[in-house]
Amino acid sequence: MYRHQTSRLPLILGAVVVSTFISATITYFLDRYLGVTGQRLVAELRAQVQAHVGRLPISFYDKNRTGTLVARIMTDVESVRNLVGAGLLDFVGGILTAVIALAILIHISIPMTVLTIGLLISFGWFLKRALGVTRPLFRERSRISAEVTGRLTESLNGIRVVKGYHAEASEARIFVEGANRILKNITLSITSQAFLSLCKTMVLGAVGAFIMFLGAREVNAHRLDVGGYVEFTMLLAFMVAPIAMSVSIGTQLTEAFAGFDRTLEVLNEPEEDGESGRTAALEPIIGHITFKNVTFAYVPGEPVLHGLTFDSEPGTVTALVGSSGSGKSTVISLICGFHSAGSGQVSIDNVDLSTIRLSNLRQQLGVVLQETFLFDGTIRENILFSRPKATDEQLYQACRIARVDQFAECFPERYETIVGERGIRLSGGQRQRISIARAILADPRILILDEATSSLDSESEALIQSGLNYLMQGRTTFVIAHRLSTIRRADQILVLEMGRIVERGNHETLYRRQGRYFDLYTRQHGLEANLFLAPGEGDKVMQ
């Protein structure tokens, strides 16, 4: 018997050495290959999520904070890398070793092997249930982290308001509260992981002791020799190692799947151009825009537009006038395709806007807003944003028309001057002129001027007015303005109140009618006269 045991020992040792070598070799190549693959996966997934987020409708952004979306794209996607992390590679190598060990264990003692497998399966079931409890903790942590990141982003973006109201301490307190919520969540996660580790040690220890006890009984009953008993207990360690590792690996994978769940939530959001029926393309857009009995509500049952009907001919200027909350910006949102009409029809060139591909529409759409957004790049880069492949001559022509050249060429770096985040290094008038140059370069068929001059003083407005006049030539233009003096030349003026058109016509017609438009116009000019304001400045007091 002793000679038989000795003759099998080299085979066992050889199998252990070979399996260890194979495991180490496979782990090395998997570590190298899948490690790089994991990083590539994160980069590609992050790019996919960012591109998808960029194609989501405005309503999605209305419901989600910027910082939260940044956390989704950066942090949640990064956690997905753990699906192919180094710990998982070790686990795969361990599984291979366990399979080889299992084959030998079956050869030594089938009854003890079956019993061992049964006990380990029971532990695996317990582990799965336990990890199912920790998964919501990781999801909650991601949610809290996104909220804290969102608040921090807002605080930094509004740092001038924070400092202006001496609210640094208040913002710091809010951030600490958020950080403490994250700490509380992490504490719960660590506690649950420690409990799992405790259970792992106790259960696997009990399984090992039980198997050793059964093995001793088998030896005493002469159903298993001492050599086989020693071999079984040694190989059992190789088989149990991946099970022990599964606790830490399971926690890692649970966190990864929690991040993946949140990533899928974003990817499952329907894209605005993915709506069924958006197949029409207008090349080029002529610019005939019609509203037919359009009603719209941001919140169901609370309409902000009621049965709007009007017609804007190609190349004409339509001005929208009314008090705050009258529905002017909502009309613009519908024209831009940011929202869809609840009932009625918005059409462009006699084609229902709900059937037009939004990418096609916005390629021929230009927007100049009250709050000009500039990227932290050069003057050149910000103007070329609307048309990256434009030539230098086209760029400089747009700059001359918008009077950008008057200040850009005074800088040492000229058009390569860095404007700072949101254009902070430039004045409001300079930022607005860049915005106009950007729109001129885009050469749109439909132009939106949303309070384009209301934040400027009269001198700055005079400088950019010629650029606006050039920009409006031959284009279907919609103007929102509190300065009624800036819309006197509009082909038609729509006066909105409570989401309804109460008056329409040109300046002369509406002024003679002495209705709502007359009241707004005379009130504004009365304020200017009484307060000694420059013409067009009275609106600042009215707002």
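Rule-based calculations on the coordinates, nothing more; no lab input. The model shown is predicted, which means the values in this text are computed figures rather than measured ones. Reconstructed Cβ throughout: ideal geometry from the backbone, glycine too, with neighbour counts over all protein chains shown.
So if R0 is 30 Å, what FRET efficiency would Val226 and Phe195 give, r being the distance between their Cβ atoms, rounded to the nearest 0.05? Working shown, then result.
Details: r = 38 Å, r/R0 = 1.27.
The calculated FRET efficiency here is 0.20.
Using the count of nearby Cβ atoms within 10 Å as a rough guide to exposure, how do Glu503, Glu154 rank from fewest to most?
Values: Glu503 19, Glu154 16.
Lowest count first: Glu154, Glu503.
Tell me, what is the Rg over Rh of the range 322-476, with Rh the Kirkwood radius over Cα pairs? Mind dumping the intermediate values first?
Numbers: Rg = 16.4 Å, Rh = 16.5 Å.
Over the Cα atoms of the range 322-476, Rg/Rh equals 1.00.
For an R0 of 35 angstrom, estimate the FRET efficiency from the Cβ-Cβ distance between Glu302 and Arg181 and round to the nearest 0.05. Before the final figure, lay out the partial values.
On the way: r = 33 Å, r/R0 = 0.95.
For R0 = 35 Å, the calculated efficiency reads 0.60.
Gain in length, Leu156 to Glu413, computed as 0.36 nm per residue apart minus the alpha-carbon separation, to one decimal in nm?
Numbers: separation 257, 0.36 × 257 = 92.52 nm, distance 2.81 nm.
Going from the current span to full extension adds 89.7 nm.
Percent of Cα-Cα pairs more than 14 Å apart in the range 391-449, please. Spell out each step's value before the answer.
Numbers: 952 of 1711 pairs.
Cα-Cα pairs of the range 391-449 separated by over 14 Å account for 56 percent.
Return, ordered by residue number, the residues of the range 487-517 whose backbone nitrogen is under 15 Å from a label point located 7 Å along Cα→Cβ of Gln465.
487-490
Thr20 versus Glu393, label points 7 Å from Cα toward the beta carbon: distance in nm?
Here the answer is 7.7 nm between the modelled labels.
For the pair Arg217/Arg489, report the inter-label distance in nm, with labels modelled 7 Å from Cα in the Cβ direction.
Here the answer is 10.2 nm between the modelled labels.
Once both labels are modelled 7 Å past Cα along the beta-carbon direction, what's the Thr309-Met74 spacing in nm?
For Thr309 paired with Met74, the spin-label model returns 5.2 nm.
Order 513-522, 282-291 from most to least packed using the mean count of other Cβ atoms within 10 Å. Display every interim value, and only then the final one.
Details: 513-522: 15.6, 282-291: 17.5.
Packing proxy ranking, top to bottom: 282-291, 513-522.
Between the alpha-carbon centers of the range 356-418 and the range 316-333, tell me the distance in whole angstrom.
26 Å
Given a Förster radius of 30 Å and the C-beta distance between Ser427 and Ile174 as r, what FRET efficiency does 1/(1 + (r/R0)^6) yield to the nearest 0.05?
Details: r = 32 Å, r/R0 = 1.07.
It comes to 0.40.
If packing is taken as the mean number of other Cβ atoms within 10 Å per residue, what is the order of 293-306, 66-79, 429-442, 257-270, highest first? The partial results should precede the final answer.
Working: 293-306: 14.3, 66-79: 19.6, 429-442: 25.5, 257-270: 16.8.
Highest-to-lowest ranking by the protection proxy: 429-442, 66-79, 257-270, 293-306.
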